[in-house]
Amino acid sequence: MNYLPVTHRSLKQAAEIIRGGGIVAFPTETVYGLGADAFNAGAIAKVFEAKGRPRFDPLIIHIAAMETLEMVAAAAYNMRQKLSLLAKKFWPGPLSIVLPKNEKIPGIATAGLPTAAIRFPSHEAAQKLISLSGGAIAAPSANPFGALSPTKAEHVRDTLGNKVDMILDGGSAQIGLESTVLDITGGRVKILRHGGVSKEEIENLIGAVEDCTALENTDSKTAKAEEAYASPGQLKSHYAPKIPLSTFKTDDISSLPLEQNAAYLFFDDSSCDTWLEGKSRAQNPVFRVLSSSGQIREAAFRLFEILHELDSLRIKRIFAQFAPEQRLGMAINDRLRRASANT
Ligand code: TXA
Ligand code: MG
């Protein structure tokens with residue numbers, strides 16, 4: 001495996017690998033992706049294999065120019081107006097839009113669905129790689145299936161290093177959380193995953209959208225399971241550290257005990273201070289804060305990075321505080337709920 005910083009040369013090498021049917025981990029503004037040529041079924045199979053990802057979970061198709069859109073999707077007449085509003089406002093950026101797929105995209109990429117989630121990332125290196133590789137890259141996040149998403153090249157190296165042909169190191173992903181997945185193929189627009197573009201921002205632009213991200217929707221034991229197949233990747237347990245994680249609400253901080261061998265993750269300094277009150281420093285609590293001043297963007301940016309770090313400590317449990325349930329806080333809380341689903 002080649003581990004190289006992003007340069008003009010390494011991007012060209014990476015594109016050659018992708019054109020030749022190989023797989024490359026690359027930076028985007030959300031998280032690192034593991035990319036293959038979106039038109040090459042064999043290469044895409046390698047991505048599923050490397051991640052240990054079940055074949056029923058479709059990949060996102062990444063483009064780097066609006067002209068490429070028609071090569072990967074086929075927006076019907078009734079979707080075009082919404083698509084054009086959304087693309088104008090949020091592309092390039094952290095929004096994946098589900099559209100009817102172009103027949104040239106092999107079925108394995110979309111897990112047999114007639115639709116494909118399309119994203120135009122804003123990251124410069126990602127855009128260059130996509131353009132040099134033929135225009136469309138199919139890429140999930142570059143982590144083993146179900147595990148924490150990678151926000152740094154090191155995260156990919158440590159988990160998938162021996163399973164990919166190349167890792168391009170472009171530093172930390174600027175947003176640190178995955179893209180929002182939005183389905184505009186039906187009568188009602190549906191949010192299938194909270195992410196880098198908030199529900200509020202989308203609703204300000206196109207009006208009310210349906211939130212289909214509740215955990216119950218994706219628990220295979222419930223009646224809603226069928227609906228969950230709208231976005232099979234939204235499995236109940238996902239984005240999980242290896243160490244068991246439990247969540248807590250801001251209101252419950254004062255009664256949160258200090259356990260041995262546990263780490264505590266707070267949303268902001270004031271929450272952390274409340275908890276520390278009356279606790280003896282001699283107990284040496286392990287704690288982290290997502291954003292001292294409670295900035296939601298900073299908190300989102302640091303979430304996976306801190307979880308990766310805590311996951312490497314010798315502790316038995318992680319307690320994590322929910323963020324305010326608004327804007328990117330909804331995406332943070334969604335990741336925390338899924339990370340704690342098996343605890
Ligand atoms: O920010 C991101 O989206 C990152 C970077 C690399 O672009 N990618 C990413 O991919 O998070 P992945 O595979 O980890 O998540 C893709 C999500 C899954 O929840 C999947 O089910 C959903 O998108 N998805 C993909 N195609 C879909 C489709 N045709 N219909 C509904 N959901 C789809
Ligand atoms: Mg993922």
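The values are calculated or read from the model by the stated rules, or taken from the named source; none is laboratory data. Keep in mind that this is a model prediction, so the values were computed, not measured. Neighbour counts run over all protein chains shown; Cβ positions are idealised from the backbone, glycine included.
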remark   = Being within 19 Å of the chain's Cα centre (by Cα) and either within 12 Å of ligand 1 (Cβ to nearest atom) or in contact (Cβ under 8 Å) with a residue 60 or more places away in the chain (or both) narrows VAL72, VAL31 down to just VAL31
query = Considering only residues of region 119-155 that are touching a strand residue (DSSP E or B) at 6+ places or on another chain (Cβ under 7 Å) and hydroxyl-bearing (Ser, Thr, Tyr), which is nearest to ligand 1 (Cβ to nearest atom)?
reply = SER141
query = Given the structure, is ALA87 surrounded by fewer than 24 Cβ atoms within 10 Å (Cβ to Cβ), assigned to a helix (DSSP H, G or I) and within 13 Å of ligand 1 (Cβ to nearest atom)?
reply = no
key: Filter pass, ASP273 being more than 16 Å from ligand 2 (Cβ to nearest atom), outside any strand (DSSP E or B), among the charged types (D, E, K, R) and over 29 Å from ALA214 (Cβ atoms)   = yes
Residue selected from region 153-179 under the condition within 19 Å of ALA15 (Cα to Cα) and β-branched (Val, Ile, Thr), by the criterion farthest from ligand 2 (Cβ to nearest atom) = ILE167
key: Search result, residues across region 246-305 that are under 23 Å from SER198 (Cβ atoms) and surrounded by fewer than 11 Cβ atoms within 10 Å (Cβ to Cβ)   = LYS249, SER293
inquiry  = I'm trying to understand the selection: among the residues of region 114-124, which are away from ligand 2 (no atom under 16 Å from the Cβ), of a type outside the set (A, V, I, L, M, F, W, C) and touching a Pro at 6+ places or on another chain (Cβ under 7 Å)?
reply    = PRO114, THR115, SER122, HIS123
task = Run down PHE48, PHE56 and say which single residue is within 16 Å of ligand 1 (Cβ to nearest atom), in a loop (DSSP other than H, G, I, E, B), among the aromatic types (Phe, Trp, Tyr) and assigned by TED's automatic domain parsing to the domain that holds THR151.
result = PHE56
message = Given the criteria assigned by TED's automatic domain parsing to the domain that holds HIS123, modelled with pLDDT under 95 and under 22 Å from ARG188 (Cα atoms), does ALA87 qualify?
response = no
message = Please go through region 125-152 and give me each residue that is surrounded by fewer than 24 Cβ atoms within 10 Å (Cβ to Cβ) and away from ligand 2 (no atom under 16 Å from the Cβ), ordered by number.
response = ALA125, GLN127, LYS128, SER131, LEU132, GLY134, GLY135
